[in-house]
Amino acid sequence: MNLSSQEVDGAIVVHVNENRIDAAIAIQFKDRLREMTNGPGDRVILDMSRVDFVDSSGLGAIVSAMKFLAPTRKLELAALTPNVSKVFRLTRMDSVFPIHASVPLQGAGNAV
């Protein structure tokens, strides 16, 4: 599971460097995301710009990560590709997660 993160304006931005979040990697994704978001910060922004496919297991892993962070921190999504955006709309998860059109500027962040 290839994830990377950096801090941008007090938020942890986690970049998903995979093109799929599906049953084959959902558990690894969830565990790795939990590890990476154990630090300080009120917001966690998941950069989904490279993800072309999310199945129900992947969606479940993202929801699980949101529940892990709650209630003290929010999980926000950014840069959804058209296919992934459609999954979030069809499942009405777009009303559960704050979704941003793009990832916040990364110039001031430190790679983690």
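Nothing in this text is a laboratory measurement; each read-out follows from the coordinates by a stated rule. Since the structure is predicted, the reported quantities are computational estimates derived from the model, not experimental observations. Cβ: placed from backbone, ideal geometry, glycine included. Neighbour counts: every protein chain shown.
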Listed by chain and number, the lysines with an alpha carbon less than 18 angstrom from that of LYS30, same-chain partners under 8 positions apart left out, are LYS67, LYS74
To the nearest 10 degrees, the tilt of helix 56-69 (Cα long axis) against the first principal axis of the alpha carbons of the chain is 30 degrees
If every Lys and Arg gets +1 and every Asp and Glu gets -1 at its Cβ, then about the Cα centre the chain yields a dipole, in debye to the nearest 20, of 280 debye
The extension gain from ALA23 to THR91, computed as 0.36 nm times the residue separation minus the Cα-Cα distance, is 22.8 nm
Given all pairs of distinct Cα atoms, the chain yields a Kirkwood Rh in Å of 13.8 Å
